[in-house]
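Coordinate-derived values only; no laboratory data. Just so it is clear, the structure is predicted and the values come from calculations on it, not from any experiment. Positions of Cβ are backbone-derived with ideal geometry, glycine not excepted, and every protein chain shown enters the neighbour counts.
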Amino acid sequence: MLVWSRPWRIAAWALAVPLFLIVYGLPVGVIILASFSGQWNDILPSNLTLVHYAKAFRTDSYDALRASLLTGVIASAAALVCGTWAALALRALDRLPKRILDLFFFIPSAVPSVSVGLALLVAFSQPPFLLNGTAMIVLIAHFILISAFTYGNVTAGLARIPADCEQVAESLGARPFYRLRRVTLPLLLPYLVAAFSLSFALSMGELGATVMIYPPDWVTLPVKIFALSDRGAIFDAATLATILGVATLVVLLGLSRLSTKAMTR
């Protein structure tokens, strides 16, 4: 193709880099600058300060970060276990039943998150399942919203695992649970880490359903950012947005290293 020639590669980079900086880099840069701003009345901010970060780690914003991290880890772990279990179970089904069940698993990803939040609010606001006003309803909402992506990633990973590996283990007398523990799951580990990473990133940024059901003692960071920006505290909101991005990036980089090690094995 023409892209492989040197002039076309230079032209592609000359188009891609400015486009990336304008579409992605500029908004992120503005948010980071706003988090250090004491005042912004010109093209660039003035009175740069760390006061907003000091406030973020001394006030209830720290509790919001903790709630987001716990929600992301717990919901992603639950989605990973259930998604892996479902993918392994459905792998042996015929094509038509598997497609039908696949559709049911992917329905939550096609439904707006606000609809999921409203459904949970109606379903769990009365006995015997009274969860409204608890952290559990937030965890359930995040689990529902991210489980489809976890299931899809694990299913794609299973499709890439050579069937010969499990067949050889079976021919040598390995029992099903031993094959699962010593053959299938180790081969699937990079995809499991990738599924958890995607689920965690989606959970950390989820707002639509959470803002409808969160209790006062379990406010996630996106909800806190939305509340601050709604009140006009843009600099404080930008600070929390930066902290949210950095925290998510640190966790994802750690998971990426784990996935790399798993692939080299």
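Longest exposed-loop-site-free stretch of the chain, with chymotrypsin sites (Phe, Trp or Tyr not before Pro), DSSP loop and at most 13 other Cβ within 10 Å?
130-265
Summing +1 for each Lys or Arg and -1 for each Asp or Glu among the other residues whose beta-carbon sits under 15 angstrom from that of Arg66 gives -1. Taking R0 as 22 Å, what FRET efficiency do you get between Ile234 and Ala77 from their Cβ-Cβ distance, rounded to the nearest 0.05? My answer for the efficiency is 0.05. Subtracting the Cα-Cα distance of Leu44 and Ala123 from 0.36 nm times their residue separation leaves 23.6 nm of extension gain.
Here the spin labels are modelled as points 7 Å beyond Cα on the Cα-Cβ line, and at Ala135 and Asp63 they lie 1.1 nm apart.
Given the alternatives (i) 18.2, 65; (ii) 17.5, 53; (iii) 22.6, 74, Rg and Dmax of the Cα atoms in Å as computed for this entry is given by (iii). Relative to the Cα centre, the charge distribution of the chain, modelled as +1 at Lys and Arg Cβ and -1 at Asp and Glu Cβ, gives a dipole magnitude of about 900 debye.
Whole angstrom only: what separates the Cα centroid of the stretch 113-145 from the Cα centroid of the stretch 183-203? About 26 Å separates the Cα centre of the stretch 113-145 from the one of the stretch 183-203.
Placing dummy labels 7 Å off each Cα toward the beta-carbon, the span from Phe106 to Leu249 is 3.2 nm.
When Lys98, Lys224 are arranged by Cβ crowding within 10 Å, least crowded first, meaning fewest neighbours, the order is Lys98, Lys224. Other residues lying with their Cβ under 15 Å from the Cβ of Phe106 contribute a combined charge of +1, Lys and Arg counting +1, Asp and Glu -1.
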